[in-house]
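Asks: Here you go, one structure.
The values are calculated or read from the model by the stated rules, or taken from the named source; none is laboratory data. All of these numbers come straight from a predicted model, not from anything done at the bench. When we count neighbours, we look across all protein chains shown, and the Cβ atoms used for this are built from the backbone with ideal geometry, even at glycine.
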Amino acid sequence: MNLDIIAIVHDRTINTELIKLFDKLGLAITTAETSTKGLQLITENSFDLIIMHTDFIGDYDCDMMFKIISEEQSFPPIIALLDSACKSRNCKHVVSSILIEENSNYIQKIEGVILEIEKTKIASALPTHNELANQLFDSVPIGLYRIDPEGNFIDANNSLISITGAPTRDTLLMDNYFSFFHHPEDKENWFEIMERDSEIRGLVTEFECYTGETIWVRDSARPVYTHDGKILFYDGAIENVTLQKQNEEKLTFLATHDILTGLPNRNFFHDQAALSISQARYNGDLLAFMVFDLDYFNRINETFGTQIGDKLLQETALRVRTQLRKSDLVSRLESDKFLLLISSIRGRRDALSVAEKISLAFKDPYVIDDNEIPISASIGISFYPEHGEEVSTLIKKAEIAVYSVKNTQPGGYQIFSETLQTTPFIKKGR
């Protein structure tokens with residue numbers, strides 16, 4: 001059996017049963033325990049099937065995951081493993097929904113779906129008589145071309161005419177293949193790969209069409225030689241992969257960013273902060289980690305509703321980003337809590353100056369749907385290397401400082417000190 005499958009499941013019992021099934025079927029399996037990691041793997045790889053347990057952990061819950069999936073065109077088939085909290089999913093990509101609590105034989109059901117998908121894949125790979133008769137040219141949906149050693153067209157099929165937007169075949173045949181390359185240096189890259197590997201296989205590049213549109217294409221080509229070893233021409237094929245490229249970019253964004261605010265999520269922040277620490281260690285630089293927490297945010301949700309609260313968080317992200325340099329990083333940690341990484345500072349005074357700017361950004365009340373909402377933010381600060389050398393340690397110490405601020409002077413800011421670790425704190429007015 002030749003299927004590439006990913007399982008997005010964090011339940012150990014289900015994972016154990018799936019592994020037994022895959023061993024029985026002789027299948028390799030990629031696993032992800034969180035929705036965030038699952039989206040990232042789907043972005044980076046091509047899978048024939050997704051097995052997805054709707055009891056998600058990670059940045060995206062069940063409703064959000066299926067919302068993302070429903071908006072995409074290129075998702076593979078999905079076997080949705082449902083539990084009582086999520087009994088029904090209307091999604092065009094779901095080929096089978098299996099309610100685990102009511103189906104003790106759910107593994108057998110999964111096996112049946114996998115076998116049917118394998119049969120469909122094999123059947124679709126078998127060419128019909130007409131396809132065999134016409135596969136060399138105009139009937140195939142992939143653009144086929146033949147060019148001389150300088151790139152001048154010798155022949156092209158109808159699909160290539162459609163991809164390039166050429167008004168006629170004759171117009172296209174008067175042109176040069178490499179004139180479509182959006183970046184002139186890609187021509188040199190094309191010939192370097194051809195000389196090195198004796199073929200082009202799956203090279204993705206940008207194409208400029210006759211219509212003025214720029215698209216992404218996947219190019220494969222090989223040389224055809226004369227009897228004395230000289231290149232007679234190149235035969236090649238290109239496929240328009242613009243939609244796939246856009247979907248990959250969108251999924252990459254979703255896997256690394258918070259959907260509500262558009263800010264990087266905690267995982268992305270952690271990775272970037274780790275890189276910044278490595279660079280700072282090498283350069284001897286100082287870094288500031290800040291956690292800022294909106295004061296009394298729960299009261300706002302209770303008074304005005306969560307929709308107003310969501311808009312307030314979006315406005316908060318915008319206000320804070322305008323106070324930072326391009327080299328600084330702001331991320332949404334959770335709910336009404338945000339993370340900042342301030343790099344290349346000379347001392348504490350620089351960090352306190354940034355904290356003051358952020359505090360002043362909340363001086364003017366928010367006006368959302370004709371509601372005037374006053375709000376402030378408390379800020380906790382830690383420094384690399386003074387307070388630690390690990391990202392998680394520096395975030396934790398900034399959090400300790402921010403809760404101390406919320407207990408004493410909401411809307412203020414404070415640098416972490418060791419005395420705070422032994423001072424108990426209670427969230428007030430939350």
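Asks: Given the criterion acidic (Asp, Glu), assigned by TED's automatic domain parsing to the domain that holds Asn407 and under 22 Å from Val405 (Cβ atoms), identify the matching residue among Asp285, Asp293. Give the steps one after another, and end with the answer.
Replies: On the way: Asp285 fails: under 22 Å from Val405 (Cβ atoms).
Going through Asp285, Asp293 in turn, the sole match is Asp293.
Asks: Moving on. So is Arg169 out of contact with any strand residue (DSSP E or B) (no Cβ under 6 Å at 6 or more places or on another chain) and modelled with pLDDT of 90 or more or not?
Replies: Numbers: out of contact with any strand residue (DSSP E or B) (no Cβ under 6 Å at 6 or more places or on another chain): yes; modelled with pLDDT of 90 or more: no.
Spelling it out, it is not the case that Arg169 is out of contact with any strand residue (DSSP E or B) (no Cβ under 6 Å at 6 or more places or on another chain) and modelled with pLDDT of 90 or more.
Asks: Something else now. Considering each of Leu352, Leu340, Leu360 in turn, give the residue that is crowded, with 18+ Cβ neighbours inside 10 Å and assigned by TED's automatic domain parsing to the domain that holds Tyr296.
Replies: Leu340
Asks: Could you list all residues from segment 216-240 that are assigned to a strand (DSSP E or B), out of contact with any Lys or Arg (no Cβ under 7 Å at 6 or more places or on another chain) and farther than 17 Å from Glu195 by Cα?
Replies: Residues satisfying the conditions are Val217, Arg218, Ala237, Asn240.
Asks: Here are Thr316, Thr322: which of them is surrounded by fewer than 17 Cβ atoms within 10 Å (Cβ to Cβ), under 25 Å from the mean Cα position of the chain (by Cα) and assigned by TED's automatic domain parsing to the domain that holds Gln409?
Replies: On the way: Thr316 fails: surrounded by fewer than 17 Cβ atoms within 10 Å (Cβ to Cβ).
From the options Thr316, Thr322, the qualifying one is Thr322.
Asks: Take segment 242-289 and flag every residue that is of a type in the set (Val, Ile, Thr) and either buried (at least 17 other Cβ atoms within 10 Å of the Cβ) or touching a Leu at 6+ places or on another chain (Cβ under 7 Å) (or both).
Replies: Step one: of segment 242-289, the residues of a type in the set (Val, Ile, Thr) are 242, 252, 256, 259, 261, 277.
Those that are of a type in the set (Val, Ile, Thr) and either buried (at least 17 other Cβ atoms within 10 Å of the Cβ) or touching a Leu at 6+ places or on another chain (Cβ under 7 Å) (or both): Thr256, Thr261, Ile277.
Asks: Tell me which of these Val95 doesn't satisfy, since it passes every other one: (1) modelled with pLDDT of 75 or more; (2) assigned to a loop (DSSP other than H, G, I, E, B); (3) surrounded by fewer than 18 Cβ atoms within 10 Å (Cβ to Cβ); (4) out of contact with any His (no Cβ under 8 Å at 6 or more places or on another chain).
Replies: The failed condition is (2).
Asks: Would segment 247-258 turn up any residue that is hydroxyl-bearing (Ser, Thr, Tyr) and within 24 Å of the chain's Cα centre (by Cα)?
Replies: Of the residues in segment 247-258, the ones hydroxyl-bearing (Ser, Thr, Tyr) are 252, 256.
The next check asks that each one be within 24 Å of the chain's Cα centre (by Cα); those that pass are 252, 256.
Yes: segment 247-258 contains one or more residues that are hydroxyl-bearing (Ser, Thr, Tyr) and within 24 Å of the chain's Cα centre (by Cα).
Asks: Here is a further query. Has segment 74-87 got any residue that is at pLDDT below 85, surrounded by fewer than 12 Cβ atoms within 10 Å (Cβ to Cβ) and assigned by TED's automatic domain parsing to the domain that holds Leu18?
Replies: yes
Asks: List pairs: first residue in segment 413-424 and within 21 Å of Glu356 (Cα to Cα), second residue in a loop (DSSP other than H, G, I, E, B) and modelled with pLDDT of 60 or more anywhere in the structure, Cβ distance under 8 angstrom, at least six positions apart or on different chains.
Replies: Once the first residue is within 21 Å of Glu356 (Cα to Cα) and sits in segment 413-424, its partners that are in a loop (DSSP other than H, G, I, E, B) and modelled with pLDDT of 60 or more give Phe416/His387.
Asks: To continue, here is another question. Would you be able to say whether some residue in segment 349-361 is more than 23 Å from Ala274 (Cβ to Cβ), part of a loop (DSSP other than H, G, I, E, B), at pLDDT below 90 and not acidic (Asp, Glu)?
Replies: no
Asks: Which pairs have Cβ atoms under 9 Å, sit 6 or more apart or on different chains, and link a residue in segment 208-219 that is farther than 17 Å from Trp190 by Cβ to one that is at pLDDT 90 or above and of a type in the set (Ser, Thr, Tyr)?
Replies: Note: pairs meeting the criteria are Cys209/Thr164; Tyr210/Thr164; Tyr210/Thr171; Thr211/Thr164.
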